[in-house]
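Data block below; observations after.
The values are calculated or read from the model by the stated rules, or taken from the named source; none is laboratory data. Predicted, not measured: the structure shown is a model, and the values here were computed from it. Neighbour counts are summed over all protein chains in view; Cβ atoms, including those assigned to glycine, are modelled from backbone coordinates with ideal geometry. Just so you know, the surface numbers come from the protein's heavy atoms only, side chains and all, with ligands and any DNA or RNA stripped out. Shrake-Rupley method; radii C 1.70, N 1.55, O 1.52, S 1.80 Å.
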Amino acid sequence: MPLNTDPRTPPVTPGGSRGQADLKPQQSGGLVQNKTPESRPSRIKKSWGDPVFKSVTLIFAGAILVLALAIAVELWVAAYPSIQGMGWHFFMTQKWDPVMNHFGGLSFIYGTVVSSLIAFLIATPFGIGISVFLTEMAPRALREPVSFLIEILAAIPSVVYGLWGIFVLAPLLSVHVYPYLIRWIGKPFFVGPSTGLSLLSAGIILAIMILPTIMSISREVFLAIPRSAREGALALGATRWETIVVAVISPSKPGLMGAIMLGLGRALGETMAVTMIIGNRPEVSLNLLGPSHSIASVIANEFAEATSDMHLAALSELGLVLMGITILINIAARVLVWSTSSKLRALEKA
Amino acid sequence: MKSLNYGRRKAVDRTMRFICLLMALCIMVPLFSLMIYVTVRGLKRFDLDFFTHLPAPVGEPGGGMANAIVGTLTMILIASCVSLPISILGGVYLAEAGKTRFASLVRFTADVLSGVPSIVVGIFIYQVLVKPMHQFSALAGGLALAILMVPLVTRTTEELIKLVPRNMMEGSLALGAPRWKTTLFVVLQAARAGIATGVLLAIARIAGETAPLLFTSLNNQFWPSQINEPTASLTVQVFTFAISPFQDWQDQAWTGALVLLLLVVGVSLLSRLTLKGGRGLAN
């Protein structure tokens, strides 16, 4: 190999064009070959492709940054009339009256927060419990098909969930579940009668929708825990459940929190299923069985038909709020997941 | 004392493990309920008319969602044309740049961007495209979908390029190919099947998006003829028909849902098979 005749050329070339120059020594001549690689004319002639390719890919990668920035800026611009016109009142009042040009977003923010909170309360124990089942208890033959089902559950379009929600879930809940909640628990959270199109129904359907997100991430975190940790706990005489708590769940707590927050982020921004099942009436009420409204659902319902500029701006401001919250939650979640799994990986290597 | 304690611990162990099993069984209930309902009620109108006819006016029997299917395909095409070059080359950049500060920032931004609610993307496109053009259009809908597709495909491309064995790249470089040729014709070729699968998964996901289309492409009862006019899409049509009070329209909404479900399940199955095959080759 001509590569090895020159002692200054490393055996593995970091830049491909240098190797090419060496393969064709007749082009560069004997004298030139003894100089440093940088001064070879053939290398300079050949290497234009790399910088061009590199800058093209760099531009496209940078486009992602520009895109994210542009979304934030344009949303701010769109929302500006409302931010200026309504000020902090936007977050304090719940009167939403397009005819009178008065916009208060409180009831929508309330609906979004409460429905996501319900989803969070239901999905957290389920998500962790099922991940424990899948990684620690289920026979190996079952793991593959179940994880495939979870994948499908995550990929089903939200409008399909919504359709199922209106025609199957809401009637079922209003006939077989809500009457009992009203009778047994009652005021102030469960006041009937309910049609099924309610805040609680929205929370339940959101829980089903965010479960796959929580499960797939917590499963990954659990799988990153070394086998030896479990064996150690078992050897010390712990029962299987104690082993799960001590060796599996507690070291992965930050990762689990990240998984739950990613799920929460998804719940906050979920639009179609919620729009179809929440009942679409702006109201701040403790009654979970009454119709409500969320940020995403009011945007979905009113944006295309908004008449005045102020109305559009108010809806955009709600969108801006939604984006702000989800971005913050996502950043926190990614940092948590990333720090746990890298810590666990370091543990495994040690 | 000790033995008493042991009995309690054992009971806790049994109960908690039983609860975990119960939870796993519970989640299967909504999943199967949804699939069975969509299949059974969707099959009622799963006929030729559905795929070849325009929506019928209220009260008239028949009619279908052919225009919506064409509209969805158009918007997917627009989204792919715009987003694939950006995201594949962006992914190449991320894979090659490794852990530089800029690459980490882009990676992080892509992850955060994929968490931004799709309806927010709809507002963005409305602001920059629909408002200046004074027109809802397939173009706007397609671009909104493109934005949703970019972070997904970028990250998949990066991950799959990283899976390509390093010695393949080194072999190409050693034979004298410049770096850009190595990347384009050796590394990307090797990761081709995986990237195609990732793209397919992303397409299945954006095909099911409704929220960003509600006020970018809007809806239309007729065949699409130009990309700068309001265009129907399968998902928006399902939504419109689902909340309508008419039995016939609701039936068609279920059929539309069935088509979407088949798409999702089909693509997931396909990707499982391809990725398994690809991994076998890499080893």
Note to self: Along the Cα→Cβ direction, 7 angstrom out, place labels at A:Glu220 and B:Leu22. What is the inter-label distance in nm?
What the structure shows: 3.1 nm
Check: At what distance in nm do the modelled label points of A:Val175 and A:Val335 sit from each other, each positioned 7 Å from its Cα along Cα→Cβ?
Finding: 5.0 nm
Check: When the accessible area of chain B is computed with all protein chains present and a 1.4 Å probe, what percentage of it is carbon and sulfur?
Finding: 69 percent
Next item on the list: Give the interface area between chains A and B as buried accessible surface, both sides summed, probe 1.4 Å, in Å² to the nearest 100.
Entry: 7600 Å²
Check: Using a 1.4 Å probe on protein heavy atoms, which residues of segment B:197-240 have at least 30 Å² less accessible area in the complex than alone?
Finding: B:Gly208, B:Thr210, B:Leu214, B:Phe215, B:Phe239
Margin query: Between B:Phe246 and A:Asp97, what's the calculated FRET efficiency when r is the beta-carbon distance and R0 is 25 Å? Round to 0.05.
Written below: 0.20
Check: Here are some pairs, A:Lys253/B:Lys162; B:Lys131/B:Lys162; A:Lys253/B:Lys99; which of them have Cα atoms lying more than 32 Å apart in this structure?
Finding: B:Lys131/B:Lys162
Notebook entry, point to check: At B:Leu48 and B:Arg272, where each label point lies 7 Å from the Cα along Cα→Cβ, what is the point-to-point distance in nanometres?
Noted result: 3.4 nm
Check: What order do A:Ile204, A:Ile244, B:Ile227 take when sorted by accessible area (1.4 Å probe), most exposed first?
Finding: B:Ile227, A:Ile204, A:Ile244
Notebook entry, point to check: To the nearest 0.05, what FRET efficiency results for A:Lys253 and A:Lys187 with a Förster distance of 35 Å applied to their C-beta separation?
Noted result: 0.45
Check: Quick one: ranking B:Phe46, B:Phe124, A:Phe126 by accessible area, 1.4 Å probe, largest first, what do you get?
Finding: B:Phe46, A:Phe126, B:Phe124
Next item on the list: Please work out the average accessible area per residue across segment A:219-350, using the 1.4 Å probe convention, and give it in Å².
Entry: 41 Å²
Check: Solvent-accessible area per residue for chain B at a 1.4 Å probe radius, Å²?
Finding: 46 Å²
Next item on the list: Set the Förster radius R0 to 56 Å, insert the Cβ-Cβ distance between A:Val246 and A:Glu305 as r into 1/(1 + (r/R0)^6), and round the FRET efficiency to 0.05.
Entry: 0.50
Next item on the list: Determine the order of A:Val99, B:Val29 by accessible area, beginning with the largest, at a probe radius of 1.4 Å.
Entry: A:Val99, B:Val29
Margin query: I'd like the mean, over residues of B:103-111, of how many other protein chain beta carbons sit within 10 Å of each residue's own Cβ.
Written below: 5
Next item on the list: Would you tell me the accessible area of A:Met310, worked out with a 1.4 angstrom probe on the heavy atoms of the protein chains, in Å² to the nearest 10?
Entry: 40 Å²
Margin query: Around B:Ser87, under 13 Å between beta carbons, what's the net of Lys plus Arg minus Asp minus Glu among the other residues?
Written below: 0
Check: Rounded to the nearest 500 deg cm²/dmol, what is the calculated helix-only ellipticity per residue at 222 nm for the protein assembly as shown, with -39500 (n - 2.57) per DSSP H run of length n ≥ 4?
Finding: -22500 deg cm²/dmol
Notebook entry, point to check: Given H placed on each backbone N at 1.01 Å, which residues far from A:Gly279 in sequence or on other chains put an amide H within less than 5 Å of it?
Noted result: A:Ser292
Check: Rounded if a/c is under 1.5, else prolate if a/b is larger than b/c, else oblate: which is the protein assembly as shown, with a ≥ b ≥ c the root eigenvalues of its Cα gyration tensor?
Finding: oblate
Next item on the list: Please calculate the 1.4 Å probe accessible area of A:Lys343, with all protein chains present, and give it to the nearest 10 Å².
Entry: 140 Å²
Next item on the list: Using amide H atoms built 1.01 Å from N in the peptide plane, name the residues 5+ places from A:Trp96, or on other chains, whose amide H lies under 5 Å from its own.
Entry: A:Gly104
Item checked: Solvent-accessible area of B:Phe108 with every protein chain in place, 1.4 Å probe, in Å² to the nearest 10 -> 70 Å²
